[in-house]
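Undergrad: Questions regarding the structure given below will be posed in turn.
Each value in this text was obtained by applying a stated rule to the coordinates, not by laboratory testing. Fair warning: this is a prediction, and the values are worked out from it, not measured in the lab. Here the Cβ is made from the backbone with ideal geometry for all residues, glycine too, and neighbour counts use every protein chain on show.
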Amino acid sequence: MLTMTIDAMQVREPTTTLVRDPASAHAVCADMGQLAQEGFAVLTLNTKNKLITRHLVTLGLADTAPVHPREVFRPAIQDSAAAVILCHNHPSGDPTPSAEDLRVTRQLIEAGKVVGIRVLDHVIIGRGDNPHCSLREKGLVTFDP
């Protein structure tokens, strides 16, 4: 017999934080810029782009954080998110995307289409004069409107 607790059915209410652009995503994830290893987070958003929560889905090494669609979309599905923004840091402080960053982003956009959750952007967190890089703003990956 399957039993389910109320907690398992609970959906979180969004915060009052509106995440509509790379600067606001960076504000939510800026603390990741101080990590000594790469971390990958997903910001879950409601239909009005209000932040539901930030989930750290993987913490990797000095130059890589393996990520898979199941880890990214599990918390998004649990939060009943309408959309997500992907964030990860580069411990070097240089947010220039790698070829692997672009490949993973394209894979996650396609996975999001399958589960009905839009990927709005992928923001790479850096430090100093170059605090972040938005793959959407740079036109490096095609995102849904």
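Undergrad: Rounded to the nearest 500, what is the 222 nm mean residue ellipticity of the chain from helices alone, with -39500 (n - 2.57) per DSSP H run of 4+ residues and division by all residues? List each step's numbers first, then the result.
TA: Working: 4 runs with 39 residues, N = 145.
Mean residue ellipticity at 222 nm (helix-derived): -8000 deg cm²/dmol.
Undergrad: Now a separate question. Between ARG74 and ASP129, what's the calculated FRET efficiency when r is the beta-carbon distance and R0 is 30 Å? Round to 0.05.
TA: Calculated value: 0.25.
Undergrad: Can you work out the PRE-style zone for THR16? Point 7 Å along Cα to Cβ, and I want the residues of the range 37-70 with backbone N under 20 Å.
TA: So the set is 44-54.
Undergrad: Shifting gears a bit: From Cα pairs below 8 angstrom and at least 6 apart in sequence, can you work out the relative contact order of the chain, rounded to a whole percent? Don't skip to the end; give the middle numbers.
TA: On the way: 285 pairs, mean separation 33.9, N = 145.
Computed value for the chain: 23 percent relative contact order.
Undergrad: Once the convex hull of the alpha carbons of the range 10-104 is built, what does its volume come to per residue, in cubic angstrom?
TA: Working: hull volume 9.1 nm³, N = 95.
Enclosed volume per residue, from the Cα hull, is 96 Å³.
Undergrad: What angle, in degrees between 0 and 90 and rounded to the nearest 10, separates the Cα long axis of helix 69-78 from the longest principal axis of the Cα atoms of the chain?
TA: 50
Undergrad: A further question on this structure: Can you list the HN-Hα couplings for the range 34-42, worked out from phi with the Karplus curve (6.51, -1.76, 1.60; θ = phi - 60°), rounded to whole Hz and with x for Gly and Pro?
TA: Rounded to whole hertz, the list is 8, 5, 7, 10, 6, x, 10, 10, 10.
Undergrad: Same structure, new question: How far apart, in nm, are the 7 Å Cα→Cβ label points at THR47 and SER98?
TA: 3.9
Undergrad: Relative to the longest principal axis of the chain, what angle (0 to 90°, nearest 10) does the C-alpha long axis of helix 99-115 take?
TA: Computed tilt is about 20 degrees.
Undergrad: What FRET efficiency do you get for ASP63 and VAL115 if R0 is 35 Å and r is their Cβ-Cβ distance, rounded to the nearest 0.05?
TA: Values: r = 29 Å, r/R0 = 0.83.
Result of the calculation: an efficiency of 0.75.
Undergrad: Hey, in the chain, which Cys have no second cysteine's beta-carbon closer than 4.7 Å?
TA: For the chain, the answer is CYS133, because their Cβ atoms have no other cysteine Cβ under 4.7 Å.
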